[in-house]
Amino acid sequence: MEIGTILKGLQDPMGIPFYPIVFQILLVLTFALHIMFVNFTLGTSFLSVYGYLKGGENWRRLSKSLVRATTLNISMAMLLGVAPLLFVQVIYDPFWYTSNTLSAAWVIGFILIMMLGYSLTYVFYLKRDSRGSGFALFGIIAFALFLLSGIIMHALGYQSLLPEKWLNWYLKGDAINPSGMALHAFQLPRFLHFIIPSFAMTGIFLMLYAWYFKDRADFEKDYIEWVGRLGAKMAFLFTAIQAIVGFWWLFSLPLEFNFFTNPFFLIGAGLGVGLLLLLYLAQKEPVKYAVPSILGAFLTILGMSLAREVLRIKYVDRFNYSIFDYQVNVDWGSTLLFLATFVMGLIIIFYLLSVAYRSGKVEGQFEASPSMHKLGRISIALLLIWIVIVAGLGVIISIKNYLA
Ligand code: HEM
């Protein structure tokens with residue numbers, strides 16, 4: 001049987017509940033957000049250990065802040081990883097599930113690896129003031145585990161693009177091998193293209209840190225300047241390295257894709273060059289350029305995420321697979337619930353971010369304004385209403401199914 005026919009046979013027979021383009025746009029957007037926080041996680045985790053081991057007043061102080069930042073960044077990376085996970089499963093289910101099944105042990109292990117990495121980061125955070133440098137080991141292992149998570153995610157994603165190899169991976173000699181113990185595919189330039197930016201993005205993170213704390217009396221001017229300059233230097237250097245890695249990846253792609261003339265690749269590359277120029281200008285005044293730099297960086301990541309999706313379309317097109325051929329059975333109920341949840345999530349996240357932003361600006365205790373209190377009450381009420389609706393629907397549907 002042809003691979004294309006098998007892939008169609010693996011699609012969900014129920015079809016998909018809404019138009020595929022919507023899932024695809026959300027996949028590109030949420031992957032960009034996910035990978036941005038993955039980059040912040042890897043970079044802050046690495047730099048917190050480096051600073052801790054290097055010692056000296058500035059590095060120790062920065063290390064302390066960065067290990068705290070890692071705990072927040074990893075939470076965001078996980079939260080924002082679930083969203084593309086849902087979307088990729090909906091429109092690319094034959095690819096994603098097969099790849100996951102072929103490496104099932106790693107998929108299950110991934111959860112344990114994340115839990116361990118997260119816990120060790122916390123131990124490092126809680127013990128960061130202890131004497132000696134022994135506790136750095138917790139930070140080093142946590143970083144290694146985060147990197148391993150990236151290797152697993154990359155292998156799962158890359159394997160999913162190579163259906164012509166699945167059968168060989170499933171066989172060991174003449175017998176089938178259902179153990180799921182192996183990761184079968186790894187493409188170094190592609191992997192590095194997602195990992196090297198960790199150091200560029202963390203550079204921008206440091207510029208933002210300097211911008212954010214510059215007016216606080218307990219942050220000395222010298223320290224703020226040092227952090228800003230360090231960040232700008234890192235951001236520029238690693239963005240330049242990233243551009244080279246990007247070309248390496250480009251030249252390792254199958255020639256039939258003709259990707260170097262693809263407009264989406266050209267847009268992505270153009271945004272990358274623009275960012276590099278912006279970061280060059282930022283060297284003299286990192287604090288002034290902090291906000292434009294993060295906006296430019298996110299735009300570049302979004303362009304890269306879009307180009308990555310166009311590349312996936314090319315890979316799957318080799319088997320005449322298109323998400324636009326998927327049978328659509330519009331389900332308004334679940335779509336509206338999804339959209340309402342999305343809007344509610346935005347309101348709650350806006351509240352949480354506002355509190356975090358404002359409270360860090362003042363030294364000592366933060367007093368929320370009456371309007372902030374009101375927004376807080378609205379957020380809690382929305383969350384309660386949502387829980388009642390979702391749990392209620394679950395109970396009603398379960399009873400209906402039981403009686404049917
Ligand atoms: C520190 C931990 C993590 C790292 C370093 C990491 C890294 C990566 C990298 C490098 C990719 C791109 C792979 C490629 O296209 O070659 C990726 C994709 C992905 N990650 Fe993560 N990830 C992490 C955590 C998570 C978590 C916790 C989830 C889910 C809960 C997740 C969900 C995804 C999904 C679904 C994709 C693929 C999306 C798609 O195919 O469009 N990741 N991740």
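Fully extending the segment from Ile241 to Asn177, taken as 0.36 nm per residue of separation minus the present Cα-Cα distance, adds 19.0 nm. Among residues other than Leu102 with Cβ under 13 Å from its Cβ, the summed charge is +2 (Lys and Arg +1, Asp and Glu -1). Both numbers refer to the Cα atoms of the chain; Rg and Dmax are 23.2, 71 Å. Backbone geometry of segment 70-86 corresponds, through the Karplus equation with coefficients 6.51, -1.76 and 1.60 at θ = phi - 60°, to 3J(HN,Hα) couplings of 4, 4, 6, 4, 5, 4, 5, 4, 5, 4, 7, x, 5, 4, x, 4, 5 Hz, x marking Gly and Pro. The modelled label-to-label distance between Met372 and Tyr19, using points 7 Å beyond Cα along the C-beta direction, is 4.1 nm.
The calculated FRET efficiency for the pair Lys361 and Val328, based on their C-beta separation and a Förster distance of 60 Å, comes to about 0.80. Given R0 = 25 Å, the distance between the Cβ atoms of Met78 and Leu188 translates into a calculated FRET efficiency of 0.50.
Under Stokes-Einstein, with the Kirkwood radius over Cα pairs as Rh, the value for segment 237-291 at 4 °C and 1.567 mPa s is 103 µm²/s.
Between the residues Tyr351, Val328, Ala297, the greatest Cα displacement towards the positive end of the dipole of segment 263-399, with unit charges on the Cβ of Lys, Arg, Asp and Glu, is found for Ala297. Full-extension gain between Lys288 and Arg318, please, as 0.36 nm times their residue separation minus the C-alpha to C-alpha distance. Gain in length upon complete extension: 6.1 nm.
The mean sequence distance of close C-alpha pairs (under 8 Å, at least 6 residues apart), as a share of the length of segment 205-259, puts its relative contact order at 32 percent.
Would you please classify the overall shape of segment 49-108 from the alpha carbon gyration tensor, given that a ≥ b ≥ c denote the square roots of the eigenvalues, rounded means a/c under 1.5, and beyond that prolate means a/b larger than b/c while oblate covers the rest? The shape class here is prolate. Against the chain, whose longest principal axis comes from its Cα atoms, helix 263-282 is set at around 10 degrees.
Entry comment: accessible area of the chain is 53 Å² per residue, from protein heavy atoms only and a probe of 1.4 Å.
Using the Cβ of Ala182 as centre and a radius below 15 Å, the other residues enclosed give a net charge of +2, where K and R count +1 and D and E count -1. Note that segment 302-401 shows a convex hull volume over its alpha carbon atoms of 178 Å³ per residue. Computed over protein heavy atoms with a 1.4 Å probe, the carbon and sulfur contribution to the accessible area of the chain reaches 72%.
Computed extension length for Ala105-Lys165: 19.7 nm, one decimal, from 0.36 nm per residue of separation with the Cα-Cα distance subtracted. Remark on Ile16: its backbone amide H falls under 5 Å from those of Gln327, Val328, Asn329, a criterion applied only to residues 5 or more positions apart or on other chains, H modelled at 1.01 Å from N. Report, in whole Å, the centroid distance computed from the Cα atoms of segment 274-351 and segment 104-153. Centre-to-centre distance over Cα atoms comes out at 27 Å.
Sorting 250-262, 179-191 by their mean Cβ neighbour count within 10 Å, with the most densely packed peptide first, gives 179-191, 250-262. Averaging 1/r over each pair of different alpha-carbon atoms in segment 186-306 and inverting the result gives 15.0 Å, the Kirkwood hydrodynamic radius. All alpha carbon pair distances within segment 242-342 were sorted into 5 Å bins beginning at 0; the resulting P(r) in whole percents reads 2, 11, 15, 15, 13, 13, 11, 10, 7, 3, 1, 0. Dividing the summed helix terms, -39500 (n - 2.57) for each DSSP H run of n ≥ 4, by the number of residues in the chain produces a 222 nm estimate of -27000 deg cm²/dmol to the nearest 500. The mean of 1/r over all distinct Cα pairs in segment 5-101, once inverted, gives the Kirkwood hydrodynamic radius of 15.7 Å.
The values are calculated or read from the model by the stated rules, or taken from the named source; none is laboratory data. Only a predicted model underlies this, so the values are computations on that prediction, with no experimental measurement involved. All Cβ positions, even for glycine, are placed from backbone atoms using ideal geometry, and neighbour counts span all protein chains on display. Just so you know, the surface numbers come from the protein's heavy atoms only, side chains and all, with ligands and any DNA or RNA stripped out. Shrake-Rupley method; radii C 1.70, N 1.55, O 1.52, S 1.80 Å.
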